[in-house]
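Quick notes on the structure that follows.
Bear in mind that the values in this text are calculations on the coordinates, not laboratory data. Note that the structure is a prediction, hence the values are computed from the model and not measured. Every residue, glycine as well, gets a Cβ built from its backbone with ideal geometry; the counts of neighbours run over all protein chains shown.
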Amino acid sequence: MSEGAGRLERMFDGGLRSASDAAVVGAIEDLAREEAKTAARRVAAISELVRRRCGDDERAYWACDPWDATAAEIGAALGISRGRASGDMHLGLSLRYRLPRVAELFLEGLLSYRVCSAIASRTDLIQDEAALDLVDSAIAEQALSWGVLSANKLQKAVDAWVDRYDPGGVHQTRTRAQDRAIRVGSQYDGSGVTGISGRLYATDAAALDRRLMQMAHGVCDDDPRTIAQRRADALGALAAGSDRLACTCGSPACAASDDDGRAASVVVHVVTDADVENIAPDPVMSGEGFESDDPPPAKKAAATLTGRGGVVPTPLLAELIRGGAKVRHVRRPADEPEPGYRPSAALEDFVRFRDLTCRFPNCEIPAELCDVDHTIPWPLGPTHASNLKCACRKDHLLKTFWDGWSDRQFPDGTVEWTSPTGKTYVTHPGSRVLFPQWNITTGALPPPQQMDPSHARTMMMPTRRRTRTEDRAYRIKCARALNDAYVAERNRPPPF
Ligand SMILES: [Zn+2]
Ligand SMILES: [Zn+2]
């Protein structure tokens, strides 16, 4: 180890280099307790912000309501998504107003964040205050003796106490059939592959399995792909509306070589000057692959991406183009602003491919689902790449209607957001990381003139039919109704 690396490593030994093993384990335990204490205080601080921000007024009917705006503020501060921030907000309110004894143990570091989250979410259907008080006391008394519980056992332990004092408030375990879903992972990591996972009815899964196997065996023996790769490609062919998989043996005489429509359903957007029409497919993309100490062959950096398929590395692109994918070049826009409010298709393309996702801090909504927002509202701010960015609907509403938020955009696409408390958060276009060689800097704009507020809003705040509070009350009512039959049965007097 070099001297420099040794010095760095000693900075991270926790001061325990010469301590006994027992002292090291003791330190781990003590620090976990400190961590729980700190987490408790963080969640308490979150509950305080919620108390200040989420009063009931007419904005409770806004599509981007006070809860959303607060979640955005906390998410930006913690570097987490709006969804996770919202979860901590619920936890904060539960501990503060519903479970004071559990909260006390959390603040002392005796219960972990994980345990408190489980307790809060499994007791959230209880509405009777006396019952809630009993459950809080009982759980606070018992929880310290629970020791280390798996998530499942922890849930059952909490449910048992809810069942004892308020059987109508027990969360019904979702049946596995209710968990039917297909999830598609993030498409923007540049690898060109995306994970999918899910749960189907057993009969549907069997039909899919059978069909993929038939399609995988429908190509000739010279197809270089493994069965697993062919099955994956076959699912893509099904999605493109084909019932066969095209063979990739390369022989024009092959009976299975007819196009399967996968590539043709793709539009490739080329965002740099890479010569995509003349690149060769990667020979190790199909087949078993191999381990090698040699550096991988020099590739042009992933220079391209597709509308819905996310970012695709150059060699995979070659295969798509060979299969008939359409190619569209994303050009840098002209220096002059466009005359209208709505950007031209070419300008919009540039902005979406530059940004890749919503530009609010920690928002991962893909660009194709976002609005194109004028950072300085039109017509004061021009329709120009240096004044346009992607914003998902929620964040677009946030910046337009929540007075405390503002944003500034720079010619390299950097956006600086200022929160209601004056904190600033900077986000960069997604393409800056994925395509570092792509020059995305566009012309500088003259400094904005005085803002005329009558121009500031080009959209209306959509409203919701029920406030979040009403929604929640409704959902609790429905969830409790699932227990009606069970509660009636339990309350029946014994037969003799
Ligand atoms: Zn073939
Ligand atoms: Zn967003």
Worksheet, complete the sentence: 1/(1 + (r/R0)^6) with r = Cβ-Cβ of D243 and D221, R0 = 22 Å, i.e. FRET efficiency to nearest 0.05, evaluates to 0.60
Worksheet item: Which percent of Cα-Cα pairs in the chain sits in each 20 Å bin, short to long?
Response: 17, 39, 38, 6, 0
Response to the item:
Here FRET efficiency (C-beta to C-beta, R84 to R492, R₀ 51 Å, nearest 0.05) is 0.75
Worksheet item: Rounded if a/c is under 1.5, else prolate if a/b beats b/c, else oblate: with a ≥ b ≥ c from the C-alpha gyration tensor eigenvalues square-rooted, which is region 1-126?
Response: oblate
Discussion item. What does the extension gain come out to for S121 and M461, with contour length at 0.36 nm per residue minus their alpha carbon separation?
Written reply: 119.3 nm
Worksheet item: If you count, for each residue, the other Cβ atoms within 10 Å and average over each peptide, how do 476-487, 216-227 line up from highest to lowest?
Response: 216-227, 476-487
Worksheet item: If the convex hull of the alpha-carbon atoms of region 85-226 is projected onto planes in all directions, what is the mean projected area in square nanometres?
Response: 13.1 nm²
Worksheet item: How many percent of DSSP beta bridges within the chain run antiparallel, rounded to 5?
Response: 85 percent
Discussion item. Multiplying the sequence separation of N152 and A264 by 0.36 nm and subtracting their Cα-Cα distance, what value in nm do you get?
Written reply: 35.7 nm
Practice prompt. Mind giving me the FRET efficiency for D30 and R432? R0 is 41 Å, r the Cβ-Cβ distance, nearest 0.05 is fine.
Written response: 0.45
Worksheet entry | Cross-link table K423/K477; K156/K477; K37/K399; K37/K477; K37/K389; K153/K423, entries beyond 32 Å C-alpha to C-alpha | K423/K477; K37/K399; K37/K477; K37/K389; K153/K423
Discussion item. How large is the convex hull of the C-alpha atoms of region 70-113 per residue, in Å³?
Written reply: 69 Å³
Worksheet entry | Within the chain, helix-based [θ] at 222 nm, where runs of 4 or more DSSP H residues each add -39,500 (n - 2.57), nearest 500 | -12500 deg cm²/dmol
Worksheet item: For region 319-387, what does the alpha-carbon gyration tensor say about shape, rounded, prolate or oblate, given a ≥ b ≥ c as the root eigenvalues, a/c under 1.5 as rounded, and a/b over b/c as prolate?
Response: oblate
Worksheet item: So, in Å, what gap is there between the alpha-carbon centers of region 22-97 and region 322-361?
Response: 37 Å
Worksheet entry | Difference of contour (0.36 nm per residue) and Cα-Cα distance, D57 to E104 | 13.8 nm
Worksheet item: What shape does region 183-243 have by the C-alpha gyration tensor, where a ≥ b ≥ c are the square roots of the eigenvalues, rounded means a/c under 1.5, and otherwise prolate means a/b greater than b/c and oblate the rest?
Response: oblate
